[in-house]
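The values are calculated or read from the model by the stated rules, or taken from the named source; none is laboratory data. Keep in mind it's a predicted model, so treat the numbers as computed, not measured. Methodologically, a virtual Cβ is constructed for each residue, glycine included, from the backbone with ideal geometry; neighbour enumeration extends over all protein chains shown. Surface accessibility is based on the protein's heavy atoms, side chains included, excluding ligands, DNA and RNA. Shrake-Rupley method; radii C 1.70, N 1.55, O 1.52, S 1.80 Å.
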Amino acid sequence: MFRLRSGTVGARFTILYAVVFLVSGIGLLGLTFLLSGGSMSDVSPAGGPPAQGGLSVAQQHIRELENQLAEVHTQQARQLLAGSLVALVVMAVVSPLLGRVLAQRVLRPLRLITSATRRISADSLDRRLAVTGPADEVKGLADTIDELLERLEVSFAAQRRFVANASHELRTPLATMRASLDVAVAKPDPAASTVALADRLRVQLDRVDHLLDGFLVLARAQHGALADAAPIDLGQLADEALREMSAEVEAKRLSVTVDVPPGTATHGSPALLARLVGNVVDNAVTHNETDGWVRISGSVSEEKTVLVVETGGRVYDQREVDRLAQPFERLGVERVGSSGLGRVHCGRCRRAHGGR
């Protein structure tokens, strides 16, 4: 049994081919019937009334032969009509199947192009369709898509280089401003307003510094270059992240359980994986409740390495969580201490390592 999906090119091609087959069959059967002697209405029935004045023996014998021939012709015409109707029914059933087969064959190159294009993402723009064959419309379409991918790859690479270079270049003015604040505060008897202003500016400079770090991580992860890849113990990364959050863990009186077996390791970039694990643990602590709990577990097998971070904090709606995949998105109105790049970092680092 075959099924047609309405509104698709394959369905339209199938219907078109089926109609062409069916109309051709009807025309061919009609032409055959006409050439075989037309309709049965022009055949005189056997046993008609005799001519006036009587007939000779020879004439009667000829009339009997004519009647027999007429009966045979009538029977053949009926058989031909019945056979034509059967053939027409068979054609009506077979034509959609033939149309479906032809439509699938015609659209097969397009399906291959569609499948290959779907596997190409922003992180794999170096792939090409590279369709071979005669220079027809299908190959022209594939070559056009390859040219588009090449332009996108160049554009994305330029954007990533700009982000990385801009982040590096902004380090110098930030360091200069930080040094100027230190000099102003280090003077003998600085004014209270100067000290207060310096403290506020240092907080903002720290935020800008953290934001630049995030940009560098994004640019590095998007490049997909893991030149420093090495075996990394995920349990050790989780312990380091918890040590950095120890003050907040104690302030919220969180119950922390770590159950990561030794040897729970994966192969990747130490910096990127540390940022990934650190961000997940940071969220588990920061968005937790007082007297809550955090549980970190891991497992390793031949196919994959798994790290699970669970928290007893608030459960967010999935639509809210999906928003965090976009840069600078935050849940709630609180923006202090967060760059809005954490989940984006996780996504980029995960894709750079082929994880999920």
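Miscellaneous remarks
- Qualifying residue in segment 244-254 (condition: open to solvent by less than 70 Å² (accessible area, probe 1.4 Å), among the β-branched types (Val, Ile, Thr) and in a strand (DSSP E or B)): no
- Residues of segment 102-141 that turn out to be buried (at least 16 other Cβ atoms within 10 Å of the Cβ), under 22 Å from ALA11 (Cα atoms) and among the β-branched types (Val, Ile, Thr), as a count: 2
- Here VAL336 clears all of (1) more than 25 Å from VAL249 (Cα to Cα); (2) modelled with pLDDT under 80; (3) among the hydrophobic types (A, V, I, L, M, F, W, C) except the condition numbered (1).
- Taken across segment 284-300, residues that are modelled with pLDDT under 85 and of a type in the set (Lys, Arg) do not occur at all.
- Of the listed requirements (1) under 19 Å from CYS346 (Cβ atoms); (2) open to solvent by less than 50 Å² (accessible area, probe 1.4 Å); (3) touching a Ser or Thr at 6+ places or on another chain (Cβ under 9 Å), ARG295 misses just one: (2).
- Test: GLU240 is in a helix (DSSP H, G or I), out of contact with any Gly (no Cβ under 6 Å at 6 or more places or on another chain) and free of Cβ contacts under 8 Å to residues at least 12 places away in the same chain: no
- Subset of segment 142-154 [of a type in the set (A, V, I, L, M) and surrounded by fewer than 16 Cβ atoms within 10 Å (Cβ to Cβ)]: LEU148, LEU152, VAL154
- For PRO96, the conditions (1) of a type outside the set (A, V, I, L, M, F, W, C); (2) open to solvent by 50 Å² or more (accessible area, probe 1.4 Å); (3) at pLDDT 80 or above; (4) under 30 Å from LEU31 (Cα atoms) are fulfilled apart from (2).
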